[in-house]
Amino acid sequence: MAVLGLASPGDADWARLRGLQYSNLARVTKVRILAHAVAGTGVCWLYLGTIHAALLVCWLALLGGTLFHGAKVDKTLSDADRRRMSRDEVDRQSRSSVANALAWVIPMAGFAPFGSPTAHLELWAITAMLLTASAVLLPAVPLANLLFAGVAGGGAIASLLWAGNYEMTIVTVVWLAVIVAGSIENARSFLTARIAEAGVAEKNEVVSLLLREFEEGEADWLWQVDTSRRVRSVSPRFAFALGKRADEIDGMPFIQLIAGPAWDTGQFPSSLHDLAERLKRRESFSNLIVRVHINGELRWWELSGTPKFDDKGGFDGFHGVGSDVTAQRESSEKIAHMARFDTLTSLPNRMMVTEALGDALRYAAQWRTKCAFMMIDLDRFKAVNDTLGHLVGDQLLARVSDRLKSIMTENELCGRLGGDEFAIVVRDASDPNCLQRVAANVIHQLSQPYEVDHHTLYIGASVGSAIGPDDGNTVETLMRNADLALYRSKEEGGGQHFNYEPSLHAHAEERRKLEFSLRRALEKNEFVLNFQPVVDAKDESIVSFEALLRWNSEEHGSVSPAKFIPLAEDTRLIVPIGEWVLREACREAAAWPSKVKVAVNVSGEQLLDPSFIPSVVTALSSTGLPAQRLEIEVTESIFVRDTNLARQALEQIMALGCGIALDDFGTGYSSLAYIRNLRFSTIKIDRSFVQGASAGNPESLAIIRAVVAMAESLEMSTTAEGVETERELAIIRDLGCRKIQGYYFGRPMPALEARGLFCKSDLRQVS
């Protein structure tokens, strides 16, 4: 069936093979038309006088129409051997063959009864010769032969049976069977030959292509030297590679030709020396990379060579092949450089830093000295990256790397570990003051202002170090201990250098245990809320409470918020903990008088979490607390991470009816843009300004006056934090703050104690 074109097995490209079959049709179209014309003329001659001439003319016209249509179809297949032939094209050609065969059924079925038996036999003979001619002319297309023979032959068999000529009927059937079998076998043979032909042609094309590429590549050449290692039988390509004419270099020493100035000095590169030794020892070699000097230019050759021997076994020189691999060599060197150096800063990357530290440790062990590893983390870099974008951040990192490179000596290697982390390997750290000098220089240099993309940027650096082998005799240990020291530096506020101490392990272990306990604190009900009152500055009545989280750990006792809140933020535990605080604060506030609000502190991690807004809605709905009685307190730091996202979250909170308080205003990343774009319900003045005003500091007084005036103009309230004395209270009242919070009116207290304040008229007694 595949040979007939009626099936397409999956083991070959039969669409292409059908194209090879059917492309022959167009080549024999004229011969086919001529054969049919001769046969048609013979039929008309037989029946002229027996059949009316008009009928014969009509039949000839019909025959001519089928032949014309078939010729058009065959012409569309003239390029079928150069493409994949579709099944529709096979069907179209098959229909034209059937139409042509039906035209020949007409004389067999319609003309034979009107003629003599002799004419009938002659008509069959004409038809048989036409069938034979079709099989001969179309050996590659058995389907067309089968269709034509089946239809036309079927007509002949039917007419012979009608005439009662059974002997000729049997002969006709046998003849048709032979034609069909022969057509299929011829098609199979033809197709096999064409497949082999196409394969040979494809192989020849590939070979020709390879030869052409080799001839045109101008990169490979043959070389030959005699027993004295002088060049002989110079090929044009070899001469071209040397940049000289063939007659110029014939008979010259091979090594001299490629050594350049080294020939006179005798200071050969190691690769060239290796080549000379192999030639001298008459050793075969392959793919030997040699550095050569050609016309004042340094290049790299790849040479292979084999010693030659004459018929008697005597040494007759060397012959081999060579190629210029300078481009590949440079490419591989570039790749090797990229694997060991940071692409942004061009500093050594983590892999190379690790290797350098390993070398330093081995050097220290060999010579009984000390080495050191220093880790550097940039302070406030994340704020730059988040506010100004990664492009400015990358430029800043490049400037930092330039400064680090400028202060390195031969004793130090500086690299980038990743992000904003850098490292320095100190090969010889025997001088006890060495690390302090390097660290102080790093901190000083990196703390100077940077001009990047029209921005003046200020960052700093924290440094942690470890000395080998005292603090670790392996690369992993030394790097881990330096990291612990760096973490200590960051904890202390940054901009400092700390060397590793064994106690840092205990500190890290303590933090690990604290984190473990913190993860279980919610399920163990170890959290409680305390509440600190906020009073009206005029009548000292309670207007709200600030909910403050406390942790009474079963394992660690009472843990300071300053200790566990940053840990919760680092581990993202602040999100579920914050949801609990929100629910509990709303539940407690629901029992207070209707005019008293509750304020809940929210960190940046909480605010930017997708579940925060739904958690606010759930807390309000489950407790029944009106939205206007809930105030969300945020600090300015939330805007550093993602200003747009933070603003959208706060706008959604305000849309619910909740208030927004800006806490610690003026101490962080203060910007009037935050206040201009968002209508905060309250601005909280930090305790440091309250203390400064009490001490008579003119700057603190001016800042408080400005904040109060700005808030009044924007219809916002102000709350002064940290009021602890009568004097501070009086000053804050004089400055115009609407609300006051501090130990003077009450420390953070349990919920039950907070409820008891509602029956007291004078809160000063509470403290």
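Can you run down the residue pairs with Cβ atoms below 8 Å, 6 or more apart or on separate chains, where the first is in segment 156-177 and at negative phi and surrounded by 20 or more Cβ atoms within 10 Å (Cβ to Cβ) and the partner is among the polar types (S, T, N, Q) and part of a helix (DSSP H, G or I)?
Hits for this filter: A156/T127; A156/T172; L160/T169; L160/T172.
Restricting the search to segment 599-629, which residues are of a type in the set (A, V, I, L, M, F, W, C) and either within 24 Å of R572 (Cα to Cα) or outside the structural domain of M654 (by TED's automatic domain parsing) (or both)?
The answer is A599, V600, V602, L607, L608, F612, I613, V616, V617, A619, L620.
Check L257 against each of (1) within 20 Å of K308 (Cβ to Cβ); (2) modelled with pLDDT under 85 and name the one condition it does not meet.
The number of the failed condition is (2).
Conditions tested, residue by residue: (1) surrounded by fewer than 15 Cβ atoms within 10 Å (Cβ to Cβ); (2) on the phi > 0 side of the Ramachandran plot; (3) assigned by TED's automatic domain parsing to the domain that holds H319.
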| position | (1), (2), (3) |
| --- | --- |
| S228 | yes, no, yes |
| V234 | no, no, yes |
| A246 | no, no, yes |
| F254 | no, no, yes |
| G260 | no, yes, yes |
| Q267 | yes, no, yes |
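Quick one: in segment 78-104, of everything that is part of a helix (DSSP H, G or I) and of a type in the set (D, E), which residue is modelled with the lowest pLDDT?
D81
Filter segment 722-767 down to the residues that are of a type in the set (K, R) and over 27 Å from F527 (Cα atoms), then identify the one that is modelled with the lowest pLDDT.
Result: R764.
If only one of D310, D316, D264 is charged (D, E, K, R) and over 21 Å from R232 (Cβ atoms), which one is it?
Every option except D264 fails the conditions.
G251 passes all but one of (1) in contact (Cβ under 8 Å) with a residue 12 or more places away in the chain; (2) touching a Phe, Trp or Tyr at 6+ places or on another chain (Cβ under 6 Å); which number fails?
(2)
Could you give every pair whose Cβ atoms fall below 6 Å, whose first residue belongs to segment 677-704 and is more than 30 Å from Q652 (Cα to Cα), and whose second residue is of a type in the set (D, E, K, R) and surrounded by 17 or more Cβ atoms within 10 Å (Cβ to Cβ), counting only separations of at least 6 or pairs across chains?
V690/E728; S694/E728
What pairs can you find where one residue is in segment 45-69 and farther than 19 Å from R92 by Cβ, the other is not in a helix (DSSP H, G or I), and their Cβ atoms are less than 9 Å apart, with a gap of 6+ or different chains?
L46/G115; Y47/G115; T50/G115; T50/S116; I51/G115; L56/L48; W59/I51
I'm trying to understand the selection: among the residues of segment 418-445, which are within 33 Å of the chain's Cα centre (by Cα) and either aromatic (F, W, Y) or within 12 Å of L378 (Cα to Cα) (or both)? Write out each step before concluding.
Step one: filter segment 418-445 for residues within 33 Å of the chain's Cα centre (by Cα), giving 418-425.
Of everything in segment 418-445, those that are within 33 Å of the chain's Cα centre (by Cα) and either aromatic (F, W, Y) or within 12 Å of L378 (Cα to Cα) (or both) turn out to be G418, G419, D420, E421, F422, A423.
Out of T354, T343, report the one residue that is under 30 Å from D471 (Cβ atoms) and either hydroxyl-bearing (S, T, Y) or not assigned by TED's automatic domain parsing to the domain that holds D428 (or both). Walk me through it before giving the result.
Working: T343 fails: under 30 Å from D471 (Cβ atoms).
Selected residue: T354, the only one of T354, T343 that is under 30 Å from D471 (Cβ atoms) and either hydroxyl-bearing (S, T, Y) or not assigned by TED's automatic domain parsing to the domain that holds D428 (or both).
(1) buried (at least 18 other Cβ atoms within 10 Å of the Cβ); (2) assigned to a helix (DSSP H, G or I); (3) at pLDDT below 80: which one isn't true of A15, the others all being true?
(1)
Mind checking which helices (runs of 4 or more DSSP H) fall wholly inside segment 296-402 and carry at least 2 residues that are closer than 30 Å to V225 by Cβ and modelled with pLDDT under 90?
Values: elements: 326-340, 350-367, 381-388.
Result: 326-340.
The values are calculated or read from the model by the stated rules, or taken from the named source; none is laboratory data. Please read all numbers here as calculations on a predicted model, not as lab measurements. Glycine also receives a Cβ, built like all others from the backbone with ideal geometry; neighbour counts cover every protein chain displayed.
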